[in-house]
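The values are calculated or read from the model by the stated rules, or taken from the named source; none is laboratory data. On a predicted model such as this, the values are computed, not experimentally measured, just so you know. These accessible areas exclude ligands, DNA and RNA; they are computed on the full protein's heavy atoms, side chains included. Shrake-Rupley method; radii C 1.70, N 1.55, O 1.52, S 1.80 Å.
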Amino acid sequence: MTRITCLGFGFAMMLMACSRVPKGTIPEKKMQEVLVDMQIAEEMIRTDPAVFPGDGEKKALYRSVFSKHSVTEAEYDSSLVWYGRHLDTYMRIYRSALTEVQKRIEALGDVAPESVSESNRDSLDIWNFRRYYELSPRMLDNMIIFDIEPGSAYSSGSAFVFGMNVWGLAPQMTNPVEIRLRTVSDDTTYTASRTVRENGYYEMMLKVSPVKRTQRVYGYIRLDGKAGDTCRKIYLDRFQLTKYRYGSPAMEVRNSEQHATDSE
């Protein structure tokens, strides 16, 4: 299971009245609680990859969330399918859940900065922007632009993995989502791109020469707006942009996962 989602809290009275989901689907209030814990689990994996280096450790953490809420992975997956077909309901839960998680983060107070140098880390999520966006073909601004320039150049021998989740692409939509990732590494610009036409989680890797340091990472995500196309919104979440160091255990895990995906 490579699917992880997010969260909800702001419509308690409506949830108490009745659930509008069919039998066998996790009710809205309970789904919201599950999604909150799944998001927290995902953050644990993101911030501590040494503890969760492979799929086995990650799945064990997800199973603990299912056990806490007395649901099975199959029930969770089938519920995601139903909510994916009813995006208005899902997005209401999602937005409210983001608020709930943010409240929990704020309740923790200030956290001391990491003592380990960024350049010495095996992996580091450098995405410091929002992790949820909405795009529409008819929006004047149907593009997300990101630009990251570290205080000091990233160490030589770096690879960058960009990931995001796409919701809301309908079969009748001819608007592809274009992802472009670039780095400025000493005197060279490296580029990777990908086109997305279906819902799901997507990743792309950009490797820099082992002898070059990276001064800038930038790019964009764009929804192609074509005349006469539908104005339906799409939703993007679970943004990550992770820097890996060549030869590190975290990088080796990433490479093995990539080879497994490519062979499927």
*Quick one: accessible surface of PHE129, probe radius 1.4 Å, all protein chains present, in square angstrom to the nearest 10.*
70
_Straight-line reach from LYS243: which lysines fall under 26 Å, measuring Cα to Cα and dropping same-chain residues less than 8 apart?_
LYS58, LYS59, LYS207, LYS212
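First compute the accessible area of the range 19-77 with a 1.4 Å probe, then give the percent of it belonging to carbon and sulfur atoms.
That fraction is 54 percent.
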